[in-house]
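First comes the structure, then the notes that go with it.
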Amino acid sequence: MILVTGATGNVGRRVVERLAVAGHGVRAVTRDPSRANLPAGVEVVAADLADPETVRPHLDGVRAVFLIWPFVDPAATAQLAPRVAAALAGAGSPRVVYVSAASAEADPGSFWALVERAIVASGLPWTMLRPTGIATNTLGWAEPIRAEGVVRWPYGAAARSMVHEDDIAAVAVEALTTDRHDRRTYVLTGPRTVTQAEQVRIIGKAIGREVLWEDVPAEAVRPMLAAAMGSAAFADAALAGWAAMAETPEQVTGDVAAVLGRPARTFADWAADHAADFA
């Protein structure tokens, strides 16, 4: 049995689907099982990581856990993450595959890094997945693309190594179902960097119409970004990151290929897969 948190999210849903197709027992954690719409045969349970005691009853027989951390506040995470890790460790120490972030090492005070340290300190077997930019984040541009064919956003020159969410899921499934990746950290990226302005043009090609990029000042989107992310500090960090990537492109690694034995999918692949979301 494999426990999947964030089971209805962009990555978690793909993990559930891949595990189910491969014949693994899957217990999917969601706040509202009635709305989960997950594959037949998947056991869907209600729990909330904000209260580790709600997770504990669902750990019976679990040998691996896919962990998505839904909280961005470092102070709250510093208190909560050790409690979640302790609950897992007290239930037979299942292997934990945690989706962190490529910035975790450089930002030890981030919630990503705090969760990593809590997992390691608990003594649980672990694999850390550190994606760079997850391509599904560009779905935030879908409405203006549909309405006007123009994306107004800062830092069009920011060069990102966007990774397909299904590549993250595929690596996660490999780590969940074998011990070959225990105590390994993988930085997951696409095969090359693509600037934000180029991403918009690629989406346009995928949907068969021209889509334009218009650079705007960071201040123009900061309030909306803070509201969407649930944290002004998190929004400021994102904007600072894009500013830095306009000068120094995001890293590209071969970790997806090393784990899966095939190249990581390109942003153009991702845009083709999601054309209906923008059309």
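Values computed for the structure shown
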{"read-out": "Under 5 Å, built H, 5+ apart or other chain: amide partners of W69", "value": "V99"}
{"read-out": "Probe 1.4 Å, accessible area per residue of the chain, Å²", "value": "44"}
{"read-out": "Cleavage-rule hits, trypsin sites (Lys or Arg not before Pro), segment 179-216, DSSP coil, Cβ neighbours within 10 Å at most 14", "value": "R183, R192, R209"}
{"read-out": "Relative intensity, log₁₀ I(q)/I(0), of segment 18-57 from a Debye sum that treats every alpha carbon as a point, q = 0.16, 0.19, 0.26, 0.33 Å⁻¹", "value": "-0.42, -0.57, -0.88, -1.08"}
{"read-out": "The chain, Rg to Rh (Cα coordinates; Rh as Kirkwood inverse mean 1/r)", "value": "0.96"}
{"read-out": "Highest-fluctuation residue, V252, V55, V221 considered, GNM on the chain with Cα pairs under 10 Å", "value": "V221"}
{"read-out": "For the chain, the longest site-free run once GluC sites (Glu not before Pro) in DSSP loop states with at most 14 other Cβ atoms within 10 Å are removed", "value": "1-147"}
{"read-out": "Evaluated at q = 0.11, 0.15, 0.21 Å⁻¹: base-10 log I(q)/I(0), Debye formula over Cα of segment 180-248", "value": "-0.43, -0.74, -1.05"}
{"read-out": "Solution diffusion estimate, µm²/s, Stokes-Einstein, segment 122-256, Kirkwood Rh from C-alpha pairs, 37 °C, viscosity 0.692 mPa s", "value": "201"}
{"read-out": "Gaussian network model of the chain, Cα within-10 Å springs - most flexible of A135, A50, A102", "value": "A50"}
{"read-out": "Of all accessible heavy-atom area on the chain, the percent that carbon and sulfur account for (1.4 Å)", "value": "52"}
{"read-out": "Cα convex hull of segment 138-192 - mean projected area over all directions, nm²", "value": "5.5"}
{"read-out": "Segment 98-170, relative contact order in percent, only Cα pairs under 8 angstrom and at least six apart counted", "value": "32"}
{"read-out": "Check: segment 116-189 dipole with +1 on Lys, Arg Cβ and -1 on Asp, Glu Cβ, in debye", "value": "280"}
{"read-out": "The chain: relative contact order in percent, alpha carbon pairs under 8 Å with at least 6 residues between", "value": "18"}
{"read-out": "Semi-axis lengths, Å, segment 1-114, gyration tensor of Cα atoms, sqrt of 5 times eigenvalues", "value": "23, 15, 13"}
{"read-out": "Amide proton proximity set for L188, modelled H, under 5 Å, gap of 5+", "value": "R130, T132"}
{"read-out": "With eigenvalues of the C-alpha gyration tensor scaled by 5 and rooted, segment 85-174, Å", "value": "33, 15, 11"}
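The values are calculated or read from the model by the stated rules, or taken from the named source; none is laboratory data. Just so we're clear, the structure is a prediction, and the values are computed from it rather than from any experiment. All Cβ positions, glycine included, derive from the backbone under ideal geometry; neighbour counts span all protein chains shown. Note: accessible area is taken over every heavy atom of the protein model, side chains too, but ligands, DNA and RNA are not part of it. Shrake-Rupley method; radii C 1.70, N 1.55, O 1.52, S 1.80 Å.
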